[in-house]
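Worksheet for the structure shown next.
The values are calculated or read from the model by the stated rules, or taken from the named source; none is laboratory data. Because the structure is predicted, anything quoted here is derived from the model rather than measured. Cβ coordinates were reconstructed from backbone atoms using ideal geometry, including for glycine residues, and neighbour counts include every protein chain displayed.
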Amino acid sequence: MLLSATTLLAQDAAIPQAAVSFNLPPNSPLSVSGFTMADSRATARGAALALDLHMPLTLRNDSGKRIHGVTLRVVSQEVTLGGKGSVTYPSLNVGPGETFPVRIDMQLMRPSQITGGPLVQVDLDGVLFQDLSFFGPDRLNSKRTLTACEMEAQRDREHFKRVLAATGPNGLQNEMFESMARQGAVSQLVVSVKRTGRAVTSAATAPSERTAEFAFLQFPDSPIEPMKGSAQISGNEAHAPRIEVRNKSGKPVKYVEMGWIVSDPSGKQYMAGSLPSADADLVLPPGKTARLLQETTLNFSSKGQPVNVQKMVGFVNQVEFEDGKIWVPNRQNLDNAVLLKVLPPSAEEQRLTDIYRKRGLQGLISELNKY
């Protein structure tokens, strides 16, 4: 039996398992072995229900291939603001017949007057396999996201395996120490985004707006060359960022993502996020240029205090070719002194350092030897 919003009109009520539906196609490589609702609750807020979801799931690999990434789409109402979410799990290594845990922790909104059907539906958006083949409707561009994560994972595993081969266990241990130190030293920046106009938080007190130019880190092997770029800066706000790029490869490109670093007046640097190509129909032929732009205002803060923008640095973070292949920066590119200070580690590097913390050096070596 599926429970609808009409059965949960109390001010605060637990969400039962029967209120959740899993929409997996008949040929899905995944099945649900079990799940609980933990302390998931539905709370009435005027004419809406706030669904606070905390759902541990166990999924099973029913395919004949190893799974390296999964994205689930979670929906309470398709057209309601706040009615959809997703969870992505990269850096997996799940063999055929094996199970693995995932969690859905999010808050969704749903109009309380909607009757019938489940409160929450969980869809499979995509599964990435070890051979980089993909299954799923890909409504959230999961194929690109999971493939890029897998390329980063392969890059970082190979890096640590090279360190082990060249310098032995002690060298690998020192590399782990350095990685954990970098992770602890990365400055956290809170970025709020407004799609049009200026952010309200500082517009009244911000100084006059100025045009700031991007400086660029150039990677020799990058298929994309950033040419020029700018944003309108006012205190801790950046408005309408735009970057012109050129395809210097021999293949058409359909997606470009630029990393974005900002510096405050003291020279402290922060990773501000990324500037993706927003045109879904982008095809950038070899030798041609295109503009990446966003009609947004970004507001930067750290530890509750505004971070005024003094300088900006951009770098090519990800490229997808028309044939679906993905380029990401190599470890030599990431050894740049600027990036080492601000770039968060990949999901795979975080996973490997977690293994080192929990299982020690031999546990890490055993994990690397699986690949």
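Between 262, 253, the distinction of being touching a strand residue (DSSP E or B) at 6+ places or on another chain (Cβ under 7 Å), within 30 Å of residue 325 (Cβ to Cβ), in the same structural domain as residue 322 (by TED's automatic domain parsing) and surrounded by 13 or more Cβ atoms within 10 Å (Cβ to Cβ) belongs to 253 only.
Any residue in segment 66-76 that is closer than 26 Å to residue 352 by Cα, among the polar types (S, T, N, Q), touching a helix residue (DSSP H, G or I) at 6+ places or on another chain (Cβ under 8 Å) and at pLDDT 95 or above? Checking segment 66-76: at least one residue is closer than 26 Å to residue 352 by Cα, among the polar types (S, T, N, Q), touching a helix residue (DSSP H, G or I) at 6+ places or on another chain (Cβ under 8 Å) and at pLDDT 95 or above. Only residues that are over 18 Å from residue 128 (Cβ atoms) and either surrounded by 15 or more Cβ atoms within 10 Å (Cβ to Cβ) or among the polar types (S, T, N, Q) (or both) were counted across segment 59-98, and they come to 9. Those residues that are farther than 13 Å from residue 32 by Cβ, without any contact (Cβ under 8 Å) to a residue 60 or more places away in the chain and out of contact with any His (no Cβ under 6 Å at 6 or more places or on another chain), I need them from segment 101-124; list them, please. 103, 106, 107, 108, listed by residue number.
Scan segment 181-191 residue by residue and report those that are in a helix (DSSP H, G or I) and crowded, with 17+ Cβ neighbours inside 10 Å.
Initially, segment 181-191 is screened for residues in a helix (DSSP H, G or I), giving 181-185.
182 - this is the single residue of segment 181-191 that is in a helix (DSSP H, G or I) and crowded, with 17+ Cβ neighbours inside 10 Å.
Taking first residues from segment 346-365 that are outside the structural domain of residue 93 (by TED's automatic domain parsing) and partners that are of a type in the set (Asp, Glu) and surrounded by fewer than 19 Cβ atoms within 10 Å (Cβ to Cβ), the Cβ contacts under 6 Å between residues at least 6 apart in sequence or on separate chains come to 355/367. Quick check on segment 320-339: of everything there that is in a helix (DSSP H, G or I) and under 19 Å from the mean Cα position of the chain (by Cα), which residue is farthest from residue 147 (Cα to Cα)? Per the criteria, the residue is 339.
To keep it simple, each residue is scored yes or no on (1) outside any strand (DSSP E or B); (2) in contact with a Leu (Cβ under 8 Å, 6 or more places away or on another chain); (3) among the acidic types (Asp, Glu).
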| position | (1), (2), (3) |
| --- | --- |
| 275 | no, yes, no |
| 278 | yes, yes, no |
| 291 | no, no, no |
| 312 | no, no, no |
| 317 | no, no, no |
| 341 | yes, no, no |
| 353 | yes, no, no |
| 357 | yes, no, no |
| 370 | yes, no, no |
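Of the residues 172, 128, 132, which is at pLDDT 95 or above, more than 30 Å from residue 302 (Cα to Cα) and part of a loop (DSSP other than H, G, I, E, B)? None of the others qualify; the one that does is 132. Considering segment 33-44, and only residues there that are surrounded by fewer than 19 Cβ atoms within 10 Å (Cβ to Cβ) and touching a residue at least 40 places away in the same chain (Cβ under 8 Å), the residue that is nearest to the chain's Cα centre (by Cα) turns out to be 33. Residue 318: in contact with an Asp or Glu (Cβ under 7 Å, 6 or more places away or on another chain), assigned by TED's automatic domain parsing to the domain that holds residue 252 and not β-branched (Val, Ile, Thr), yes or no? Judged against the criteria, residue 318 is a match. Name the single residue, out of those in segment 296-354 being of a type in the set (Gly, Ala, Ser) and more than 30 Å from residue 235 (Cβ to Cβ), that is surrounded by the fewest Cβ atoms within 10 Å (Cβ to Cβ). Selected residue: 324. Residue 116 falls short on exactly one of the conditions (1) of a type in the set (Gly, Ala, Ser); (2) crowded, with 16+ Cβ neighbours inside 10 Å; (3) not assigned by TED's automatic domain parsing to the domain that holds residue 363, and that condition is (2). Count of segment 12-32 residues, restricted to those that are surrounded by 14 or more Cβ atoms within 10 Å (Cβ to Cβ), of a type in the set (A, V, I, L, M) and outside any strand (DSSP E or B), is 3.
In this structure, does residue 121 turn out to be surrounded by fewer than 17 Cβ atoms within 10 Å (Cβ to Cβ) and within 23 Å of residue 16 (Cα to Cα)? So residue 121 fails the test.
Is at least one residue of segment 275-286 touching a helix residue (DSSP H, G or I) at 6+ places or on another chain (Cβ under 8 Å), crowded, with 18+ Cβ neighbours inside 10 Å and assigned by TED's automatic domain parsing to the domain that holds residue 213? Steps first, answer last, please.
Just the residues of segment 275-286 that are touching a helix residue (DSSP H, G or I) at 6+ places or on another chain (Cβ under 8 Å), to begin with: none.
No, because not a single residue in segment 275-286 is touching a helix residue (DSSP H, G or I) at 6+ places or on another chain (Cβ under 8 Å), crowded, with 18+ Cβ neighbours inside 10 Å and assigned by TED's automatic domain parsing to the domain that holds residue 213.
Pairing each residue of segment 245-257 that is of a type in the set (D, E, K, R) with any residue that is assigned to a loop (DSSP other than H, G, I, E, B), provided the two are 6+ apart or on different chains, yields C-beta distances under 6 Å for 254/282; 254/283; 254/322. Quick check on segment 265-273. Is at least one of its residues under 30 Å from residue 133 (Cβ atoms), touching a residue at least 40 places away in the same chain (Cβ under 8 Å), in contact with a helix residue (DSSP H, G or I) (Cβ under 8 Å, 6 or more places away or on another chain) and buried (at least 16 other Cβ atoms within 10 Å of the Cβ)? No, the conditions are met nowhere in segment 265-273.
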